[in-house]
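The values are calculated or read from the model by the stated rules, or taken from the named source; none is laboratory data. Being a predicted model, the structure only gives us computed values, none of them experimental. Virtual Cβ from ideal backbone geometry, glycine too; neighbours counted across all protein chains shown. Side chains are part of the model used for accessible areas, which takes the heavy atoms of the whole protein and leaves out ligands, DNA and RNA. Shrake-Rupley method; radii C 1.70, N 1.55, O 1.52, S 1.80 Å.
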Amino acid sequence: MPQTPTTFPAPPRARKRLFIGLITGSSVLVCLVLVGLWVVPVVGLGAIHPLAPWLLGALVLSAILALSWASLALVLNILLGRPVLGGKRLRGVTVRVFLPLMTMLGRVLGIPPQDVQSSFIRVNNELVSAEGLRVPAERILVLVPHCLQQSRCPQRLTYDVDHCRRCGLCDIGELLKLRDALGLRLAVATGGTIARRIVVENRPQLIIAVACERDLAHGIQDTFPIPVFGILNQRPHGPCRDTRVVLEEVRAAVERFVAGKSA
């Protein structure tokens, strides 16, 4: 059966202002905690040495300045679409520091984790794009979830995606065509553990990952510092079953980063 073009409506665009709001709120909370860590022990530190409170204050002030710089540089990076104020290092700060803080703050404020993760994925993609990476095609790994395979398909693709018969009932066949045309690597993962094993075995310089919000957010954290460009899957039958992907998004992402292609 021939491949039917993917015509599912695009998901709502993630709101960058949610990310900016949460990251600003997280930074303010951390700064308040740091100030509290300074104020509370001052009463006791003064009795140990007259300069002890000021030394601790200098440390706290340094931490506040560093956090404020990271927040400001990250927001400017998002708004301007290019690294500023040493922003090339911010992807790590965002992945390791801000995402957990934003998730906790979002939970307190009653914001669904899916919204926070979706916003994080979009900002992560912009940070990865801003790095201006150009990677040989054979060092790009396209990693897709097992639910992208048609649920009644008898072929086992987890260990060898070339077992796919390219019948056109799912998007795996078209992804294989893209892989063959550009010389990429393509793998199917059934979960986080298998995905990590695939990454270790392939040692890619860049990952283009297709998954839901939760798996993409966790995958970006797990594989850091390897840059991951995330593409949300389509779920016409609900989560984790017969999902689809907009192939044009995958192709555009590949062409954005593959060496020899213009952005």
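Before moving on, here are some points about what is shown:
- From the list L186, L157, L141, L127, the lone residue that is over 24 Å from R82 (Cβ atoms), in contact with a helix residue (DSSP H, G or I) (Cβ under 6 Å, 6 or more places away or on another chain) and at pLDDT below 90 is L157.
- Among the residues of the stretch 122-160, those that are open to solvent by less than 30 Å² (accessible area, probe 1.4 Å), out of contact with any Ser or Thr (no Cβ under 8 Å at 6 or more places or on another chain) and of a type in the set (S, T, N, Q) comprise N125, Q149.
- A search for C-beta distances below 7 Å between a residue of the stretch 30-56 that is closer than 27 Å to L101 by Cα and any residue that is surrounded by 11 or more Cβ atoms within 10 Å (Cβ to Cβ) and at pLDDT below 75, counting only pairs 6+ apart in sequence or on different chains, returns L56/P41; L56/L45.
- All of I198, I208 fail the test of being farther than 20 Å from R251 by Cβ and open to solvent by less than 40 Å² (accessible area, probe 1.4 Å), apart from I198.
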